[in-house]
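Here, each number is a calculation from the coordinates, and none is a lab measurement. A quick note: this is a predicted structure, and the numbers were derived from the prediction, not measured. Here Cβ is always computed from backbone atoms with ideal geometry, including for glycine, and neighbour counts include all displayed protein chains.
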Amino acid sequence: MYESAATYQPPTDLKTPKAIEGDQLYKSFDRNQVLKGVTFALHEKENLVVLGKSGTGKSVLIKCIVGLIKPDSGDLCILGNNIKNIESEDEWREIRRKVGFLFQGGALYDSMTVRENLEFPLKRQPNKLSKGEMKTAVEEVLEHVGLLNAINKMPAELSGGMKKRIALARTLILKPEIVLYDEPTTGLDAITSREISELILHMQEAFGISSIIITHDMACARLTANRMLILYEGTFKAEGTYEELERSPEKWVRAFFE
Ligand SMILES: Nc1ncnc2c1ncn2[C@@H]1O[C@H](COP(=O)(O)OP(=O)(O)OP(=O)(O)O)[C@@H](O)[C@H]1O
Ligand SMILES: [Mg+2]
């Protein structure tokens, strides 16, 4: 059982390589200015938790990182690649392979078994695996999320927490260097939420994954965060560990912890 993320603290000094760096990112939809100069860094092997009220642009920021939304201005570097310099769809595909994304809904394909759901991303890769390699990859990743026994089940036979685990396994099977979690525990009971939070920590320790975790679940934040940022009115307005922010002199920051 993990008591808190403090058991592992990645270095976050200026010399630590950055998995992601955002500099003065802006994004508007018509007259709705959502990102208004977002600047941040995700250090290698770090779990960075992002808080912010509903509608502040947390999902928009994550969608910029996976290339689903293009920022209007600013610089965004992912694993050393400035997205402004990415010219071809092939280059984007290569970066996307290294950046896993657990969607807010985390949907599985209902008509496919768990095994088929996990084989799906592998089959879409340019470098094809043999049947044997695919079988090993699927079994290995299921073991990591503790659901090897569900390999032949259909999604309808799984609980909400199990579905989240399989969705996470499907993200991990491509061996990403970065995983972006958008509300990984929403809609789950406290015990299942804790299991998912522990799995996020396990991914960091077992594979050295760097993660951004967007959450409203403060128990998940407390367990997983090495560092936290709060998105407020279009920029990151507060930064610190869970304990630092919980004791912030600013009332609006403490309000997230009440
Ligand atoms: N594709 C889009 N087109 C137009 N507006 C959008 C689009 N995506 C997001 N928005 C707007 O951007 C703002 C931020 O949305 P976003 O989904 O990032 O919020 P959020 O912080 O993730 O909220 P929640 O905590 O509820 O998930 C909202 O006003 C939303 O309406
Ligand atoms: Mg969102």
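Just a few scattered comments:
- Net length gained if the chain between Met218 and Ala107 were fully extended (0.36 nm per residue, minus Cα distance): 37.6 nm
- Selected from Ile212, Gly52, Pro71, residue furthest toward positive end of dipole (the stretch 10-257; charges at beta carbon): Pro71
- Degrees between helix 114-123 axis and first principal axis of the chain (Cα, 0 to 90, nearest 10): 70 degrees
- Only alpha carbons enter this Debye calculation for the stretch 50-98, each as an equal point scatterer, and the log10 of I(q)/I(0) it gives at q = 0.31 Å⁻¹ is -1.30.
- With a simple spin-label model that places each label point 7 Å from the Cα along the Cα-to-Cβ direction, the separation between Ile151 and Tyr232 comes to 5.0 nm.
- Of Lys53/Lys163; Lys36/Lys163; Lys98/Lys131; Lys27/Lys123, those spanning more than 28 Å from alpha-carbon to alpha-carbon: Lys36/Lys163; Lys27/Lys123
- Overall, the chain carries a charge dipole of about 480 debye about its Cα centre when +1 sits on the Cβ of Lys and Arg and -1 on the Cβ of Asp and Glu, all other atoms neutral.
- Dipole of the chain, positive end: most advanced residue of Ser111, Ala137, Leu199 [Cβ charges, Cα centre]: Ser111
- With Cα atoms, 0 to 90° folded angle of helix 131-144 axis to the chain main axis: 50 degrees
- Mean residue ellipticity (222 nm) of the chain, computed from DSSP H runs ≥ 4 via -39,500 (n - 2.57), nearest 500: -10000 deg cm²/dmol
- Share, in percent, of DSSP beta bridges within the chain that are antiparallel, nearest 5: 55 percent
- Less than 5 angstrom separates the built amide H of Gly100 from those of Glu177, Ile178, Val179, Leu180, all sequence-distant by 5 or more or on a different chain.
- One equal scatterer on each Cα of the chain, no solvent, Debye formula: the resulting log10 I(q)/I(0) at q = 0.15, 0.16 Å⁻¹ is -1.13, -1.27.
- Residue with peak Gaussian network fluctuation, the chain [Cα springs, cutoff 10 Å], from Arg97, Arg124, Arg170: Arg124
- Taken along the Cα-to-beta-carbon direction at a fixed 7 Å, the label points for Glu133 and Asp30 span 4.9 nm.
- Computed from backbone phi, the HN-Hα couplings of the stretch 68-81 come to 7, 10, 9, x, 6, 7, x, 10, 9, 10, 10, 6, x, 9 Hz, rounded to whole numbers (Karplus: 6.51 cos²θ - 1.76 cosθ + 1.60, θ = phi - 60°; Gly and Pro given as x).
- Taking Ala225, Ala238, Ala167 in turn, the Gaussian network model of the chain (Cα-Cα springs below 10 Å) assigns the largest fluctuation to Ala238.
- Rounded if a/c under 1.5, otherwise prolate or oblate - the stretch 61-150, Cα gyration tensor axes: prolate
- Inter-part distance, the stretch 32-46 to the stretch 82-157, computed on C-alpha centroids, equals 26 Å.
- Residue of Lys128, Lys36, Lys175 that the Gaussian network model of the chain assigns the largest fluctuation, springs spanning Cα pairs under 10 Å: Lys128
- In the stretch 30-109, chymotrypsin sites (Phe, Trp or Tyr not before Pro) in a DSSP loop with at most 12 other beta-carbon atoms within 10 Å: Tyr109
- Between Asp75 and Glu195, the modelled labels are 4.4 nm apart [label points 7 Å from Cα along Cα→Cβ].
- Relative to the longest principal axis of the Cα atoms of the chain, helix 190-207 runs at roughly 90 degrees.
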